[in-house]
1. How much length is gained on full extension from D237 to S223, taking 0.36 nm per residue of separation minus their Cα-Cα distance?
2. Could the peptides 268-281, 189-202, 230-243 be put in order, highest first, of the mean number of other beta-carbon atoms found within 10 Å of their residues?
3. Where does the charge balance sit around R259 when Lys and Arg score +1, Asp and Glu -1, over other residues with C-beta under 12 Å from its C-beta?
4. Determine, from the Cβ-Cβ distance of S172 and R77 and an R0 of 35 Å, the FRET efficiency 1/(1 + (r/R0)^6), rounded to the nearest 0.05.
5. Just add up the charged neighbours of S172: K/R +1, D/E -1, any other residue whose Cβ is under 12 Å from the Cβ of S172.
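Computed from the coordinates by the stated procedures, all read-outs in this text should not be read as laboratory data. This one's a predicted model, so the numbers in the text were calculated from it and none came from an experiment. Backbone-built Cβ (ideal geometry, glycine too); neighbour counts: all protein chains shown.
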Amino acid sequence: MTDAPDPRTRTGQHEFDLQQQAMRIRKDTVPIEVTKELLDNSHLLLEEAAADKQRQSLEISRLRRELTALHQMIEDRDTRIISMADEMQALQECPLTGLLSRRLFEFSCNKDLLQSKRRAFLRDSEDGQLRALSSVAFMVFDLDHFSWVNNTHGHLVGDKVLKDIASLLRHSYRDHDIWGRWGGEEFTIYLPFCPTRLAVLRTLDVRKRLARLQFGPEDARFSVTTSVGVSYLKSPDDTLEDLFGRADKALYYAKEHGRDQIVVEHDGKFIPITDEAQLETTPLP
């Protein structure tokens, strides 16, 4: 064992200080095995931190995608709501005439037509042919020379003409008949379980009352006439488009042949009806 230096001498003091310093170094120095373990642990911690960061980055990306999808869902929902609002608006009554809008008229007629066709025909047990039990009548009214009203008296007067005539039409038929404003100065009526002859007879009277209505200022009064096209349900295969198409062709015939009349489409022919006497001699269902 080496003797401890005598701190009382200068050399001894120096040696003593070196020994003390060496002891402190040995005391504070971490063994190399421990240092290696600390380094390994540090690497593991860094790797875990990097993995955590990557997981966080992936989670943030996922949340961003979900947020984008949610925004798109909200945007799609808002678009659908706007579209539904537009459809609901289109399904309302015509604000001027109080009649059904075209879309609601079509919806209501198609709904009734499905039921009416089931009850309107019966298959004969002997020959298997369909026999009509009842009919559905369909009419298109068009005001004659209505553009003249707007051009001569203005659109406010034209609106009053439409409103008053629509009111007369609506209150001149049965409560369960379906009225609609097809567009412009055209009105349509669907009459379930109504013989064509009866529909025409009622319309002859309505046209007379309509022609007696007076419009415009006191010094420039005028009246309006109307042309009417009539069709009826012919088979269970008929659609609303078929009924309207035939009535529209009859209306076109009426307007091409003098206006101010009722024309019925019957078996591919167009039959003008001007009065009750003529109706009595006309073969209509």
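1. On the way: separation 14, 0.36 × 14 = 5.04 nm, distance 4.03 nm.
Gain in length upon complete extension: 1.0 nm.
2. On the way: 268-281: 12.9, 189-202: 20.6, 230-243: 17.9.
The most tightly packed comes first, giving 189-202, 230-243, 268-281.
3. Working: positive: R207, K255; negative: D142, D144, E256, D260.
Net charge in that neighbourhood comes out at -2.
4. Values: r = 45 Å, r/R0 = 1.29.
For S172 and R77, the calculated efficiency is 0.15.
5. Numbers: positive: R170, R174, R202, R207, K208, R209; negative: D175, D177, D205.
Result for the neighbourhood of S172: +3.
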